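Everything below concerns the one structure shown next.
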Amino acid sequence: MTPPEERRLLTPEEYAQAQASPEFVELKRRFRRFAFPMTVAFLAWYLLYVLMSTYAPDFMATPVFGNVNLGILLGLGQFVSTFVITHVYVAHANKRTDPISDEMRERLEHHEYAPGTRGSSGPSVTGGASRA
């Protein structure tokens, strides 16, 4: 990363070039292919819990052991699933999206998306992370 005192502001053209790059398109695709299905799955799981709490109170009150019933366990499962999804997302980001975003940040910091530079059109200069 470039030290703050050596940085210069990026131009709107550089941002537009980066946004139009194949790497950015791939980055968005990888993020969306993970985020949208995971969001739908979690919201469905949450909605199922709320609906069962509302319309199936006898089922949710089913004792499991002692004073602990199925509703309590499913409610705690909401917290557990949130942490699991977070862990899975971090692993996904580290492996599938961070290499591309790191490469793009480096290219932006070196102004390789500026008009007239060798990285302003076509495939990436390094070509590495976009193939991960």
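For segment 66-79, the Karplus equation 6.51 cos²θ - 1.76 cosθ + 1.60, evaluated at θ = phi - 60°, returns couplings of x, 8, 8, 10, 4, x, 5, 5, 5, x, 5, x, 4, 5 Hz by residue, with Gly and Pro reported as x. In order along segment 17-32, the phi-based Karplus estimate (6.51 cos²θ - 1.76 cosθ + 1.60, θ = phi - 60°) of 3J(HN,Hα) comes to 4, 5, 5, 7, 6, x, 5, 5, 4, 5, 4, 4, 4, 5, 5, 5 Hz; Gly and Pro are listed as x.
Every number here is computed from the coordinates shown, using simple stated rules; none is lab data. For clarity, every value in this text was computed on a predicted model and none was experimentally measured.
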